[in-house]
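Participant: Let me give you the structure first, and then I'll get to my questions.
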Amino acid sequence: MGKKTILSGIQATGNLTLGNYLGAIQNWVKMQDEYDCYYMIADLHSLTVRNDPEVLRKRAMQVLAIYVASGLDPEKNTIFLQSQVDAHVKLNWILNCYTYMGELNRMTQFKDKSAKHADNINSGLFTYPVLMASDILVYNADLVPVGEDQRQHLEITRDIAERFNAIYGQTFVIPEAFIGEQGARIMGLQDPTAKMSKSATNLNDVIFLNDSPEDIRKKLKKAVTDSENCVRYDKENKPGVSNLMTIYGLIEGKSMDEVEKEFEGKGYGDFKNKTAEVVVKKLQPLQEKYYDLLENPEKLKEIYESGAKKAQKKANKIVNEVYQKVGLIINS
Ligand code: TRP
């Protein structure tokens with residue numbers, strides 16, 4: 001039996017955060033030997049909000065550099081820019097015709113995003129989940145590692161795939177969401193009840209992957225805790241401390257029990273310092289590689305060009321099959 005296929009991606013909007021790394025990319029790195037992995041930079045999805053074109057291009061290269069600097073091997077994985085594999089948008093159109101307005105109307109992310117961008121509720125924002133379904137189905141991905149906030153988009157992807165299969169016969173693999181353990185969701189440092197977000201307005205809420213050691217220490221020192229002064233995991237009542245424990249535990253490979261034991265009798269000051277040190281130590285080599293890569297655009301180009309080629313090969317096959325099934329004439 002062949003390897004299972006994985007696909008995931010991160011938008012090219014904003015700087016990547018410690019949450020992206022610990023919650024997503026670090027796990028991807030662990031899967032690269034066992035699975036056939038496709039990791040893209042979702043630059044088309046980034047267009048649902050307004051961007052400065054130069055900044056968007058820069059961000060795309062930054063995300064690519066972070067992927068590689070984090071240890072995703074471009075030889076083992078197919079790493080590419082979504083916009084460079086036409087098959088995604090070809091399938092997107094077709095799948096739009098098999099997705100109901102009512103289904104899209106139920107998407108909570110659409111409701112949240114249109115509340116946030118009331119001046120720009122474009123139809124791309126509305127059909128965003130259909131492009132995401134296309135990203136996934138065009139590789140027949142078995143597993144899709146995503147955060148909890150994307151679960152609904154995975155469900156609509158499955159519904160669209162099942163609907164298509166029911167009409168045209170077995171075409172798409174029905175993908176499963178691959179949602180990491182509870183702990184893999186990193187929350188904001190200032191508001192630990194909301195996910196750490198690269199678009200946060202309060203910069204102290206977020207550790208960016210390219211933050212300097214001083215900034216990392218400062219932000220962790222300021223992180224919201226509680227008045228108990230006891231390092232104990234209790235997400236409900238101690239969301240701030242629990243979040244810091246999650247960060248510490250994920251980096252050190254320790255369970256919450258082990259972290260509790262380690263800091264027994266110690267105060268938040270000690271705990272925050274120690275957490276800052278492990279974060280800094282973890283990010284230092286990553287940042288070195290990241291800046292090296294950014295200074296080497298030729299190398300980055302080589303990676304995304306060969307990634308797009310590999311991705312296209314697989315995606316074109318599936319799009320052709322779909323074209324055939326729905327009654328289009330393939331120009332070979
Ligand atoms: N919507 C995802 C996010 O914002 C990014 C994304 C786009 C994605 N296409 C995807 C994730 C396909 C997984 C699979 O996080």
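A short reminder: the numbers here are calculations on the coordinates, not readings from a lab. Please read these numbers as outputs of a predicted model, since none were measured by experiment. Cβ coordinates were reconstructed from backbone atoms using ideal geometry, including for glycine residues, and neighbour counts include every protein chain displayed.
Participant: When N counts the residues of the range 203-292, how does its alpha-carbon radius of gyration compare numerically with 2.2 N^0.38 Å, as a ratio?
Facilitator: So the Cα radius of gyration is 1.08 times the expected 2.2 N^0.38 Å.
Participant: Within the range 123-229, report the GluC sites (Glu not before Pro) that DSSP leaves as loop and that have at most 11 other Cβ atoms within 10 Å.
Facilitator: Within the range 123-229, the qualifying GluC sites (Glu not before Pro) (loop, at most 11 other Cβ atoms within 10 Å) are Glu181.
Participant: Here's a follow-up. Say the dipole of the chain comes from +1 at the beta carbon of Lys and Arg and -1 at that of Asp and Glu; which of Val49, Cys230, Gly267 then lies farthest toward its positive end?
Facilitator: With unit charges placed on the Cβ atoms, the residue in question is Val49.
Participant: What three numbers, in Å, describe the spread of the alpha carbons of the chain along their principal axes, ordered from the longest?
Facilitator: Taking the Cα atoms of the chain, the three principal extents are 70, 46, 44 Å.
Participant: Let me ask you something else. For the range 97-184, what percent of Cα pairs sit more than 15 Å apart?
Facilitator: 60 percent
Participant: Using a Gaussian network for the chain with springs between C-alpha atoms less than 10 Å apart, which of these wobbles most: His117, His88, His153?
Facilitator: Maximum among the listed residues: His117.
Participant: How about the range 79-165: which chymotrypsin sites (Phe, Trp or Tyr not before Pro) there lie in a loop by DSSP and see at most 16 other Cβ atoms within 10 Å?
Facilitator: Passing sites in the range 79-165 are Tyr98, Tyr100.
Participant: Still on this structure: Using alpha-carbon pairs under 8 Å, 6+ residues apart, how would you state the relative contact order of the chain in percent?
Facilitator: Averaging sequence separation for qualifying contacts and normalising by length gives 22 percent for the chain.
Participant: Please report the antiparallel percentage of DSSP beta bridges with both residues in the chain, rounded to the nearest 5.
Facilitator: Once the DSSP bridges in the chain are tallied, antiparallel ones form about 10 percent.
Participant: Which of the residue pairs Lys58/Lys325; Lys3/Lys325; Lys235/Lys261; Lys3/Lys58; Lys254/Lys289 have a Cα-Cα distance greater than 28 Å in the structure shown?
Facilitator: Lys58/Lys325; Lys3/Lys58
Participant: 222 nm [θ] for the chain, helices only, -39500 (n - 2.57) per DSSP H run of 4+, per residue, to 500?
Facilitator: -16500 deg cm²/dmol
Participant: Show me the trypsin sites (Lys or Arg not before Pro) within the range 236-332 that DSSP assigns to loop and that have at most 14 other Cβ atoms within 10 Å of their Cβ.
Facilitator: Sites meeting the loop and neighbour criteria: Lys266.
Participant: Let me ask something additional. Near the amide H of Gln11, under 5 Å away, which other amide H atoms are found, from residues 5 or more places off or on another chain, if H is placed in the peptide plane?
Facilitator: Placed amide hydrogens put Ala42 under 5 Å from Gln11.
Participant: Roughly how big is the range 203-292's charge dipole about its Cα centre, with Cβ charges of +1 (Lys, Arg) and -1 (Asp, Glu), in debye to the nearest 20?
Facilitator: In debye, rounded to 20, the range 203-292 gives about 180.
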